[in-house]
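The block underneath contains the structure these notes are about, expressed in structure tokens.
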Amino acid sequence: MTPESGAGSRESETQAGHSPTPDPRLPTHASTDVPKESPKNILFQFVVFPLGVVAIAVLIFFLFGKLASDEQGIPDYINAIRSGSLHERWQAAYQLSKSLKRGEAKRYPNLEHDVATLYANSKSDDPRIRRYLGMVLGQLGDRRATPILLDGLNDHDADNRIYALTALGELRDPAAVPRIAKTVTDDDKDVRATAYFTLGTIGDRSAIPVLASGLQEETPDVRWNAAIALAGLGDSRALGTLREVLDRSRLDRVTGMREDQKEDAMIVAMSAYAKLAGKDAAPDLQRIAASDPSIPVRAAARQALTQIGR
């Protein structure tokens, strides 16, 4: 579910109180050999040269201003996606998704229609273009995009299906629930997990039977997503599975699960567990707060205890 920069530093050393010994061969300040500056030289040093610096600074200012005015905007990205080279198109789709985070979409009222059209025409294109366009449709928050994103759930590329599900979760359109519910049987486990998560994000109670069936999933992370989504809708059937996620010994038996993934799973499940179980969650949370090897997990347990008033 993302450039690094470095910074260097320079060090200088000075020795205070030790000025160099004057060379007797060199003229002193009182020497008659020191040339006197003409008014023309003084004029150059104190007037013309500073004005030259100012002129250069002004030139640089206008140059960078011109460059800033030439920066690409949303219409340029749309045009590049339509007619650019393959590399340009997916890069433009990525930049378009970034520009929306800067709040630029408000100036373009027809943007949803334009992006939806591009998305519909991208089925046989570079998958990256379709993924980023799906992100844009979710970010725009316009539910008119729901049908086109639901069509994206038919894509052969599993990542495309995941991006479409994530975008549908951002739209939170209850009309999408029946079609998303069918996706919980997808062959790809990550698609299934995302489908359960999306149903929980939408938060429509019509999804409860599907979420409850997800508690029987054999794949742990898929089952956990179903439980967390079900807990969000206040269904106590999720409690048993949530306790699984809070059991370190169970997590350690999951093949290929990294330590950071275990921490994330416990923290998310802990919040859902505390909200659903209330004060009955206190014994488990106290155990985790006292003995879990992860500092963030212990902190999350203490926070959850505070929320339930213990």
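The values are calculated or read from the model by the stated rules, or taken from the named source; none is laboratory data. Bear in mind the structure is a predicted one, so any value in this text is a computation, not a measurement. Here Cβ is always computed from backbone atoms with ideal geometry, including for glycine, and neighbour counts include all displayed protein chains. Please note that ligands, DNA and RNA were not included when accessible areas were found on the heavy atoms of the full protein model with its side chains. Shrake-Rupley method; radii C 1.70, N 1.55, O 1.52, S 1.80 Å.
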Single unsatisfied condition, Ser97 versus (1) closer than 22 Å to Leu153 by Cβ; (2) open to solvent by 40 Å² or more (accessible area, probe 1.4 Å): (2)
Unique match (being part of a helix (DSSP H, G or I) and open to solvent by 80 Å² or more (accessible area, probe 1.4 Å)) among Arg237, Arg310: Arg237
Test: residue in segment 82-98 that is closer than 17 Å to Gln139 by Cβ and either charged (D, E, K, R) or touching a strand residue (DSSP E or B) at 6+ places or on another chain (Cβ under 6 Å) (or both): yes
In segment 242-258, residue farthest from Tyr273 (Cα to Cα) [restricted to those that are in a helix (DSSP H, G or I) and open to solvent by 10 Å² or more (accessible area, probe 1.4 Å)]: Asp252
Number of the condition not met by Pro293 [criteria: (1) in a helix (DSSP H, G or I); (2) at pLDDT 95 or above; (3) open to solvent by 70 Å² or more (accessible area, probe 1.4 Å)]: (1)
Subset of segment 119-149 [open to solvent by less than 30 Å² (accessible area, probe 1.4 Å) and more than 23 Å from the chain's Cα centre (by Cα)]: Ser122
Only listed residue being open to solvent by 50 Å² or more (accessible area, probe 1.4 Å) and of a type in the set (Asp, Glu), chosen from Asp159, Asp114: Asp159
Test: residue in segment 273-288 that is part of a helix (DSSP H, G or I), at pLDDT 95 or above, farther than 21 Å from Thr198 by Cα and of a type in the set (Asp, Glu): yes
Filter result for Arg302 (under 25 Å from Ala181 (Cβ atoms), under 29 Å from the mean Cα position of the chain (by Cα), charged (D, E, K, R) and open to solvent by 50 Å² or more (accessible area, probe 1.4 Å)): no
